[in-house]
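Notes for the one structure printed next.
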Amino acid sequence: MKILDFKVFDGRNIYSHKSCIRMDLDLEGYSEIPSKDINGFNKELVKIIPELKNHHCGDNEENGFIKRLDEGTYLAHICEHVTIAVQNMIGINVSYGKAREVFGDVYYIIYQFQYKNVGIEAGKTAVDIINSIISQKKFNMKTRINLLNEVLKNEMIGPSTLSIINEAKKRGIPVTKIGDGSLFQLGYGRYSKIIEATITEDTSTVAVDIACDKVLCKEMLKRQCLPVARGYKVNNTLDLLFKADSIGYPVVLKPQFGNQGKGVFTNLNNEKAVVSAYCILSKKYNDIIIEKYIKGKDFRVCVIDGEVAAVAERIPPFVIGNGINTIEELIECINRSPKRGEGHEKILTKISIDEGLLSYIKKQGYCLNTVLDDGTKVILRENANLSTGGSAVDCTELICEENIEICRRAAKAIGLNICGIDICCTDISKPISDNGAIIEVNAAPGIRMHQFPSKGKTRDTASAVVDMLFKSEKNSVPVISISGTNGKTTTSRLIAHVLALAGYNVGMTTTGGIYINNKCIQRGDTTGPMSALTVLTNKEIDAAVLETARGGIIRAGLAYDLADVGIITNITEDHLGIDGIENIEDLADVKALVAEAVKDQGYVVINADDRMSLSILNRIKSKIIFFTKDKNNVFLRESLKYVGYGVYLENNSIVIQNKNEIHPLIKVDKIGITLGGKLIYNVENAMAACASLIALGIDYSIIQKGLISFSCNEECNPGRFNIYKFNNITVVLDYGHNIEGYRAVLEGIKTLKHKRLVGIIGVPGDRSDRSIIEIGKISAKYFDYIYIKEDKDRRGRKAGEVAKLLERGALSEDFHSKSIDIILSEKEALSKAINVAKSGDIIIIFFENYDELVNIVKDKINEEVKTISDESMA
């Protein structure tokens, strides 16, 4: 088999609500060959990946997958399980997957992942394993696992960051990864916060710089009369010896700008030891400091938002002899613990063998090849940093009030909202002013020692961090996601308009562009997940209104986690035959994701008059608000008994009902986008918007005001039934591009006063022949004269192909051929239609490029104004 493509879905998607990868495969003739018929395949597969014995299959049957193998299952299904098993083998807990046929030997596999690059490599590994077994070539699993571990090491989220992320998710705060590093956004919009480990967007960069400079930090603390170890910067060897004598032995040498305990030499008792350490350090570091060695235990105090959140004693790494193994072998044994990893990837770090370790055990008379007597304990380092292999014991309940106050003052003196204060003392329960000192103040302290101590109580420092970040009740902004076949853009814009009237700073995505506070920052069709992320990560907005189109959902899933309101305007035929969507049921499955991805206490707004919208009800877990033109609609009436809200038409008014309370909101003919009640489809869009605004708790009077002031014009709703009048003719620009869109718009336009209806029609080339012909038929029933144009982007069609299909449809309805003019350029078609128009004509064009056509119309209006002006001057 060979891999054709990968698609990564970071968020909820049409395959699963988990993060998934889609891997497309060509099985190269093996699609119908079961595993039992491939010589030695099953036995070799289980030998390479024994973890497959633990895989259930189908009905969660124990050893289910092995039974399927024995019965004879197919390679796509096997590849799915192998991909999951490979991730399990390197400690990643994933279990979801499925395999489906596309056509012939082409299949796709969906499998869960935690880390994108690891997930892709796991897919490649699974394919290589299967191919090697089929070709009877030896597969080196150990080498591949080592490669996967290297990829994982570079991609894995550290335990401190992961703890904060998990705490945020536990509270329902959405988490968005930013870039490929360790930057994450918690929440959306104005109330969101960005973190990088325990550095937050509110952490002072000046304070971080102070903490990173150990000399400056010491000076700042000393100035506030806080107990610190006496120390200075060293300029050369003579300066070193002079300052060592001044301080008094024993002393400590370390880098001025070091971290994680690297390059620290402690308890140096004489000139020879000091000079030796200095020679080692000066090879790697330009800036070195010397300070008084404080005898005692090593404590880390975690201060968050000015309060002591946790205290831990850090224990230096050590080995205990068994009379058999060398010190090096004992270290290797400790490092094999699944709790230990590289750097900060796991709750403990592997013990690194470096000059510091070798020097310290040498002082004790040992080397790496020493075999220790049974029970003999050897400390491997003087420093107890977790990053160099140390462990931690919780001491939060032992610290005295005096030391708590000292730590509070130290954090304030440096200006850090989160810090780790290193204290050396004999007893943390007694004031360190008498028995110790502050050694360092650390920015971006690891909290894994508090979250996962080797001994003692777990201290939920991650919770304290999230408490600090979100002191107010708000941790995100309301997210409203709108999907459906028609009406998405108008509904989105109307919701945004009313929210702005209610005082919200609104971020919005539509087919017309991305808007922040009613200013367009990006033009174009921006209804995919990347555009949604632009809004969700914007720091100005306090409401996100996201038009969520089919294409973006299929290709990349949802950008957000859960919406507060999900809206399905309607589901009718469009885009069939594209992206694997073959029928309207497939389309409903895609749109249903917007209704599924809603908070438990959120609302889904559903069109109760639309059959396909109702077909997805069984997939909705949240509360539902139905809107309908029929107050007696069965679904509406049943819902009102339990959920509370419903929106319907009665006596030519939009009515809101909350259980038994009935509130007539507004007369239909007062709604701006209905043109006095003539555009019925915009009545439906207004009801959908109204339902979502009710769900958000917007005051009825503001909703009413918004419905009145939002109009079918270029300012409010560009490209949606925009009317321009000049020279006794009317031109209407509309984005209708599918069967129901055409039908709805034409039902509305026929109600406007006119002598002739002239249509300039076109359809995107990726629609089916049947749909294009049907639009030609519909047009013939409404128009007196038809111009047929084509989009510049023909979407795979030949020039004139779509036009011929539209013409065929019109002619099949006995429309006279002399009343049809094919002009492929929409600009030329509109210009000609205007130039030959008769007084009282209405011309409507279903456009591809709105801006170009608006310019043509405005030029004609300006010409008329100039003519009138010239005549008046004469």
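The values are calculated or read from the model by the stated rules, or taken from the named source; none is laboratory data. This one's a predicted model, so the numbers in the text were calculated from it and none came from an experiment. Glycine also receives a Cβ, built like all others from the backbone with ideal geometry; neighbour counts cover every protein chain displayed. The area values use the complete protein model at the heavy-atom level, side chains included, leaving out ligands, DNA and RNA. Shrake-Rupley method; radii C 1.70, N 1.55, O 1.52, S 1.80 Å.
Odds and ends about this structure:
- Output for region 605-619, where each listed residue is assigned to a loop (DSSP other than H, G, I, E, B) and crowded, with 17+ Cβ neighbours inside 10 Å: ALA608, ASP609, ASP610, ILE616
- Evaluation of TYR504 against the conditions (1) under 22 Å from ILE625 (Cα atoms); (2) at pLDDT 95 or above; (3) among the hydroxyl-bearing types (Ser, Thr, Tyr) shows that the sole unmet condition is (1).
- The residue of region 177-206 that is farthest from THR349 (Cα to Cα), among those that are touching a Phe, Trp or Tyr at 6+ places or on another chain (Cβ under 9 Å) and open to solvent by 20 Å² or more (accessible area, probe 1.4 Å), is TYR191.
- THR751 farther than 19 Å from ILE820 by Cβ and in contact with a strand residue (DSSP E or B) (Cβ under 6 Å, 6 or more places away or on another chain): no
- The residues of region 659-669 that are surrounded by 16 or more Cβ atoms within 10 Å (Cβ to Cβ) and outside any strand (DSSP E or B) amount to a single one, VAL668.
- Filter result for the condition that a residue is open to solvent by 20 Å² or more (accessible area, probe 1.4 Å), part of a helix (DSSP H, G or I), modelled with pLDDT of 95 or more and not polar (S, T, N, Q), over ASP209, ASP239, ASP245: ASP209
- Evaluation of GLY172 against the conditions (1) in a strand (DSSP E or B); (2) modelled with pLDDT under 95; (3) not aromatic (Phe, Trp, Tyr) shows that the sole unmet condition is (1).
- Condition met for GLY64 (open to solvent by less than 40 Å² (accessible area, probe 1.4 Å), out of contact with any Phe, Trp or Tyr (no Cβ under 6 Å at 6 or more places or on another chain) and more than 17 Å from GLU150 (Cα to Cα)): yes
- Filtering region 481-506 to residues that are hydroxyl-bearing (Ser, Thr, Tyr) and open to solvent by less than 40 Å² (accessible area, probe 1.4 Å) leaves SER481, SER483, THR485, THR489, THR490, THR491, SER492.
- Meets criteria (open to solvent by 30 Å² or more (accessible area, probe 1.4 Å), assigned to a helix (DSSP H, G or I) and of a type in the set (Gly, Ala, Ser)) for SER429: no
- Cβ-Cβ under 8 Å pairs, at least 6 apart or on other chains, region 131-150 side touching a residue at least 12 places away in the same chain (Cβ under 8 Å) and assigned to a loop (DSSP other than H, G, I, E, B), far side open to solvent by 40 Å² or more (accessible area, probe 1.4 Å) and among the small types (Gly, Ala, Ser): GLN136/GLY40
Per-residue answers, yes or no, for (1) open to solvent by 30 Å² or more (accessible area, probe 1.4 Å); (2) under 30 Å from VAL594 (Cα atoms); (3) in a strand (DSSP E or B):
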{"residue": "SER16", "(1), (2), (3)": "no, yes, no"}
{"residue": "ARG22", "(1), (2), (3)": "yes, yes, yes"}
{"residue": "TYR30", "(1), (2), (3)": "yes, no, no"}
{"residue": "ASN39", "(1), (2), (3)": "yes, no, no"}
{"residue": "GLU44", "(1), (2), (3)": "yes, no, no"}
{"residue": "LYS53", "(1), (2), (3)": "yes, no, no"}
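- Residue check for THR509: modelled with pLDDT of 95 or more, of a type in the set (S, T, N, Q) and either open to solvent by 20 Å² or more (accessible area, probe 1.4 Å) or on the phi < 0 side of the Ramachandran plot (or both): yes
- Matching residues in region 512-530 - criterion: being over 22 Å from PHE710 (Cβ atoms) and open to solvent by less than 50 Å² (accessible area, probe 1.4 Å): GLY524, GLY528, PRO529
- Top-ranked residue of region 432-462 - restricted to ones that are of a type in the set (Val, Ile, Thr) and in a loop (DSSP other than H, G, I, E, B), ranked as surrounded by the fewest Cβ atoms within 10 Å (Cβ to Cβ): THR458
- Residue match in region 596-604 (condition: in contact with a Phe, Trp or Tyr (Cβ under 9 Å, 6 or more places away or on another chain), assigned to a loop (DSSP other than H, G, I, E, B) and free of Cβ contacts under 8 Å to residues at least 40 places away in the same chain): no
- Any hit, region 592-614, residues being touching a helix residue (DSSP H, G or I) at 6+ places or on another chain (Cβ under 7 Å), over 19 Å from SER692 (Cα atoms) and modelled with pLDDT under 95: no
A quick yes/no check of all residues on (1) within 20 Å of LYS43 (Cα to Cα); (2) free of Cβ contacts under 8 Å to residues at least 40 places away in the same chain; (3) open to solvent by 30 Å² or more (accessible area, probe 1.4 Å):
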position	(1), (2), (3)
CYS79	yes, no, no
MET89	yes, no, yes
GLY104	no, no, yes
GLU121	no, yes, yes
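- Taking region 212-224 as the range and being more than 16 Å from ILE288 (Cα to Cα) and either surrounded by 17 or more Cβ atoms within 10 Å (Cβ to Cβ) or not charged (D, E, K, R) (or both) as the test, the residues that pass are MET220, LEU221, GLN224.
- Residue match in region 490-511 (condition: over 14 Å from SER709 (Cβ atoms), among the basic types (Lys, Arg), in a helix (DSSP H, G or I) and over 21 Å from the mean Cα position of the chain (by Cα)): no
- Scanning region 788-842 for residues that are among the hydroxyl-bearing types (Ser, Thr, Tyr) and either within 25 Å of LEU752 (Cα to Cα) or open to solvent by less than 40 Å² (accessible area, probe 1.4 Å) (or both) yields SER819, SER831, SER839.
- Residues of region 266-281 classified as buried (at least 16 other Cβ atoms within 10 Å of the Cβ), hydroxyl-bearing (Ser, Thr, Tyr) and more than 19 Å from ASN385 (Cα to Cα), total: 1
- The residues of region 621-658 include none that are part of a strand (DSSP E or B), open to solvent by less than 10 Å² (accessible area, probe 1.4 Å) and either modelled with pLDDT under 95 or on the phi > 0 side of the Ramachandran plot (or both).
- Flag if THR73 is polar (S, T, N, Q), closer than 20 Å to GLN112 by Cα and either open to solvent by less than 10 Å² (accessible area, probe 1.4 Å) or outside any helix (DSSP H, G or I) (or both): no
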